[in-house]
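To start, the structure itself, in structure tokens.
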Protein chains: 4
Amino acid sequence: MSNPELQFILTLACPNRPGIVAGVSTFLFQHGCNILEAQQFDDTESGRFFMRTVFNVVEGEAGLEALKTEFAAIAEGFKAAFSIRPKAEKRRVLLLASKSDHCLADLLYRWRIGEIPMDLVGIVSNHPRETYAHLDFDGIPFHHLPVTKATKLEQETEIWDVFKSSRAELAVLARYMQVLSDGLAAKLAGRCINIHHSFLPGFKGAKPYHQAHARGVKLIGATAHYVTSDLDEGPIIEQDVERISHQDSPDDLVRKGRDIERRVLARALAWHLQDRVILNGSKTVVFRD
Amino acid sequence: MSNPELQFILTLACPNRPGIVAGVSTFLFQHGCNILEAQQFDDTESGRFFMRTVFNVVEGEAGLEALKTEFAAIAEGFKAAFSIRPKAEKRRVLLLASKSDHCLADLLYRWRIGEIPMDLVGIVSNHPRETYAHLDFDGIPFHHLPVTKATKLEQETEIWDVFKSSRAELAVLARYMQVLSDGLAAKLAGRCINIHHSFLPGFKGAKPYHQAHARGVKLIGATAHYVTSDLDEGPIIEQDVERISHQDSPDDLVRKGRDIERRVLARALAWHLQDRVILNGSKTVVFRD
Amino acid sequence: MSNPELQFILTLACPNRPGIVAGVSTFLFQHGCNILEAQQFDDTESGRFFMRTVFNVVEGEAGLEALKTEFAAIAEGFKAAFSIRPKAEKRRVLLLASKSDHCLADLLYRWRIGEIPMDLVGIVSNHPRETYAHLDFDGIPFHHLPVTKATKLEQETEIWDVFKSSRAELAVLARYMQVLSDGLAAKLAGRCINIHHSFLPGFKGAKPYHQAHARGVKLIGATAHYVTSDLDEGPIIEQDVERISHQDSPDDLVRKGRDIERRVLARALAWHLQDRVILNGSKTVVFRD
Amino acid sequence: MSNPELQFILTLACPNRPGIVAGVSTFLFQHGCNILEAQQFDDTESGRFFMRTVFNVVEGEAGLEALKTEFAAIAEGFKAAFSIRPKAEKRRVLLLASKSDHCLADLLYRWRIGEIPMDLVGIVSNHPRETYAHLDFDGIPFHHLPVTKATKLEQETEIWDVFKSSRAELAVLARYMQVLSDGLAAKLAGRCINIHHSFLPGFKGAKPYHQAHARGVKLIGATAHYVTSDLDEGPIIEQDVERISHQDSPDDLVRKGRDIERRVLARALAWHLQDRVILNGSKTVVFRD
């Protein structure tokens, strides 16, 4: 087993043309690297090519900065956007929650046991700390940012300040029940994951379980997606469903939905943190684990 | 094992009030019947009560007509709509199909091996018999009823004539790709099941797999529902989904969707024929097997 | 909506014969009760009949003890074992855990938010309290009962003492990794639920995820069952699975399995507490919600 | 969209070492080929590396034989077993069936509509042609090879003769209910797919649905695997499950299982024919579509 400290994740997106895989893999081979995982996708519709590679350095001293600098030349030839980073490096994540804390509690648990490695740099809620009296935040800074219609602008400015000052790289709306304004959504574009409690595009907007009950669907679902200014229209990362029946009241759907929401959000977050999700216009390429 | 020839299915829907189960079960007991299966649902929202019972006659000679007549008095007391019919009695079913024949072929197969007992009284298509050259219709009358915008009224009149003259009790749109007019939909209300190739209410209307591909969903589905004049809005009977990925083209979705469509339609049809589906306003009560 | 304080759950198991439903429902009607839910199962193999009914008292003053006493006469006529208890009454539950605390943390969370109503009367572990430093036990007595091969008898005696002295009605092995002796298993018969981390009967015994990896299965699962002296052979209450692939290492299976285990155990526990599970020889009748 | 006539599938398995991807992709680039799909798997346990690539020839005249000859030198350097073949080339497949023909009918349907491209070179059954009176074999040679204990050796010799003389590349046991002898299993090693009607390793051997019913499992499944002389122990290609309940009789399981069996077998067959399945000891690497 190779030293995880010396493993790197390379992702790349560019217009498709022959020779990309050869170029990348030859570069890695020549720099003493061994490919451990590789996934690629050739989108014949958009003509774009997407690649994710995990490699380790088996020979020599190829440092991260040197690798990046030298790879930039290859990437430029392919007009490629790319990223190379240590697999063991933890991303800085800000969690936002409201009264229902099942996703928050679940993510904290997965973080604590090391299932989802990340640096939790803050928890924001429009509810006070005592709402989560039974949750051990373990020293993670908590920010109580209450909000009313009149104070939404100020509150979102505070959220943005927390995001910046904590040097967060990702915001996770863990059942945060306030709709982000276009302005904040734009600032967080590609850096903010939401969990919507329906199988989108069905039941957008408020009270999706009540909508699902009213329509009489036979399965309910949840959708994790990147937040955009267009509500519930952001690129979908992951979805899942469970079977229900005519016997289920809206409250039953809320209860059964919690299990779906938390596993869908946890998967989406983990994949984002492992560079398994690449934006492709209004859609995503997801190299699942 | 009791004689299936002497098994009956009773369904009942009425305003809820105490004593319904006692009334029905005491009636059956006093008429020498034994309850084999029973399901009920008390809809606390609408205040309506739904019941399905399978029973057999263990003593005496309780004939179907006598049972019905005598039960009518009970039912009247509860302001109940009810049905009693022999479990072994086959319903008369008319199938409608278009060019894609995967649902048609599947239903024919299930009918042939006795999995879905029914009397197939006709097959209607807007395509000619040779479209299905490889399918053995086994003597079931085939009606080629081509249609254009200009002839839709006449064609639907012919469909209705076939339905009536074959004494069909149910029409199944087995990927019949013509939208029924409001007029025909109204005539077939509660007697016509359609399979829509999306997980409704997502992706109504035409080319749902292309819509699903464009939106980038991570699961695709199919929905069997009763046809109403409001397109793709009829009461849902059954739904199911399968996981897809960014790699799947619209053609891949069409291919993967066929498996979902045929099993969803087959289940909905079987349940309808077994009196497991009861309309509840714009929704259904489904006593699954 | 009826007053939940006045709702009762009746379960009944007896040899099948005509008139049971009529007898029970007439009894309830005559005692001013209204049936809210009813499920029944007629096992044609064993000739046994199973029933679960939720009812409320809409007229008069039918107290629980009076109802039980009077119903006993009906039950005796059917040679039926039965139970009537208030739906709102919480059962007393003892949790047992080992080092992996995902099921423990999950059940505590569901209990705290009221999703699984129960009285948690104790938590037993063979690991010390600090193993669960981040979990808020909220005053539930914790019993550290370490165990070695040499002290197993004594430790199990202590477990049994805790069970008795806390007046627990159910023990839940929430990934408690010690095999219960035949003696303790016998004492807890029908009152002890275990979660096994495989889709039984595949991969009994130790390290099921490693077995699954070695066999190369394409789905992994978990099984909640009543504990019997025959290891991993007890009556199954609930099972579920997730898809895996050749890429998944045993560690990946352990990680993915945690999600399956916790939801399977939570469902089984909730159903047991709602009297939805009735033993039928070496199998269960489960009236799912 | 590239010309499918000029698309090729390359698969490769070898001991892992740095430079394989670089070697292969550079070879393809230098021969005027563009990679359309690529999947790889680095088995850290066995130290083996597996790769599947779909590419097309965008420049020049690289013929198949020339490509193979030149690639052989690369492959030798990596001690790799490899295959290159035209994606559009159909494999020659022999189907074997017994009385239950749901898998046979299903595969014939998928073949007819072009969903599973293959050359069906024969159908073998131990039952006569009239068993499948309603199935259109469309000119595929049918071989009625009845079998008794006494004639098993002769019958298997005939099967082998049919396999050879039809130049079949794959045998598919589409619910063929005779256990192959070790001798025939050995001859067909890696070239014979079976569908077993249980979720292996649970319920090996005869009557798995009856075993499942007796054990009281809550999900049933099916398993497609390569046939080996060790019954029901061959490398698993695909599995799937469906939920059942205490209400389901063994006959219900048989009925519900048919749907699982046919979709699991169809997927396994399609993936085999697309070179998506590579043997890895007693397991498989499956690059799913």
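The values are calculated or read from the model by the stated rules, or taken from the named source; none is laboratory data. All figures in this text were calculated on a predicted structure; none of them were measured in a lab. Neighbour counts run over all protein chains shown; Cβ positions are idealised from the backbone, glycine included.
Screening D:VAL254, D:VAL264 for residues that are more than 24 Å from C:ARG48 (Cα to Cα) and either modelled with pLDDT of 95 or more or not hydrophobic (A, V, I, L, M, F, W, C) (or both) leaves exactly one candidate, D:VAL264. Whether any residue in region A:152-163 is assigned to a helix (DSSP H, G or I), under 30 Å from C:ALA105 (Cα atoms) and in contact with a Lys or Arg (Cβ under 9 Å, 6 or more places away or on another chain) is what I want to check. Yes, region A:152-163 has at least one match. Based on what the data block shows, is A:GLU115 farther than 24 Å from D:GLN30 by Cα, among the charged types (D, E, K, R), part of a loop (DSSP other than H, G, I, E, B) and within 8 Å of another protein chain (Cβ to nearest Cβ)? Taking the combined requirement at face value, the residue satisfies it.
Within region A:71-105, being in contact (Cβ under 8 Å) with a residue 12 or more places away in the chain and either farther than 21 Å from A:ASP275 by Cα or of a type in the set (S, T, N, Q) (or both) holds for A:GLY77, A:SER83, A:LEU96, A:ALA97, A:SER98, A:LYS99, A:SER100, A:ASP101, A:HIS102, A:CYS103, A:LEU104, A:ALA105. Are any of the residues in region D:143-153 more than 30 Å from D:GLN247 (Cα to Cα), among the polar types (S, T, N, Q) and surrounded by 15 or more Cβ atoms within 10 Å (Cβ to Cβ)? No, that holds for no residue.
Of note, B:ALA186 does not satisfy the criterion of being without any contact (Cβ under 8 Å) to a residue 60 or more places away in the chain and over 17 Å from the mean Cα position of the chain (by Cα).
The number of residues in region D:32-65 being under 17 Å from C:GLN247 (Cβ atoms) and among the acidic types (Asp, Glu) comes to 4. Here A:ILE123 qualifies as in a strand (DSSP E or B) and of a type outside the set (Phe, Trp, Tyr). Taking the numbered list (1) surrounded by 20 or more Cβ atoms within 10 Å (Cβ to Cβ); (2) more than 21 Å from A:LYS283 (Cα to Cα); (3) touching an Asp or Glu at 6+ places or on another chain (Cβ under 9 Å); (4) of a type in the set (A, V, I, L, M, F, W, C) in turn, A:VAL57 passes all entries but (3).
Could you check, for region C:196-208, whether at least one of its residues is at the interface with chain D (Cβ under 9 Å from one of its Cβ atoms) and small (Gly, Ala, Ser)?
yes
It is to be established whether one or more residues within region B:138-159 are within 14 Å of chain D (Cβ to nearest Cβ) and more than 21 Å from the chain's Cα centre (by Cα). Among the residues of region B:138-159, at least one is within 14 Å of chain D (Cβ to nearest Cβ) and more than 21 Å from the chain's Cα centre (by Cα), which makes the answer yes. Of the residues making up region B:169-183, those that are outside any loop (DSSP other than H, G, I, E, B) and surrounded by fewer than 22 Cβ atoms within 10 Å (Cβ to Cβ) number 3. Of these, C:PHE78, C:PHE82, C:PHE41, C:PHE50, which one is among the aromatic types (Phe, Trp, Tyr) and surrounded by fewer than 19 Cβ atoms within 10 Å (Cβ to Cβ)? Testing whether each residue is among the aromatic types (Phe, Trp, Tyr) and surrounded by fewer than 19 Cβ atoms within 10 Å (Cβ to Cβ) leaves just C:PHE82. Can you find a residue that is under 22 Å from A:GLN211 (Cα atoms), more than 9 Å from chain A (Cβ to nearest Cβ) and touching a helix residue (DSSP H, G or I) at 6+ places or on another chain (Cβ under 6 Å) anywhere in region B:247-256? No; the residues of region B:247-256 include none that is under 22 Å from A:GLN211 (Cα atoms), more than 9 Å from chain A (Cβ to nearest Cβ) and touching a helix residue (DSSP H, G or I) at 6+ places or on another chain (Cβ under 6 Å).
Scanning region C:220-246 for residues that are of a type in the set (D, E, K, R) and facing another protein chain (nearest Cβ under 10 Å) returns C:GLU233, C:GLU238, C:ASP240, C:GLU242, C:ARG243. In summary, strands (runs of 3 or more DSSP E) completely within region C:1-106 and bearing 2 or more residues that are over 21 Å from B:GLY32 (Cα atoms) and more than 8 Å from chain B (Cβ to nearest Cβ) occur at C:7-15, C:48-57, C:81-86, C:92-97. Per this entry, C:VAL54 is not counted among residues that are over 19 Å from the mean Cα position of the chain (by Cα) and farther than 20 Å from C:CYS192 by Cα.
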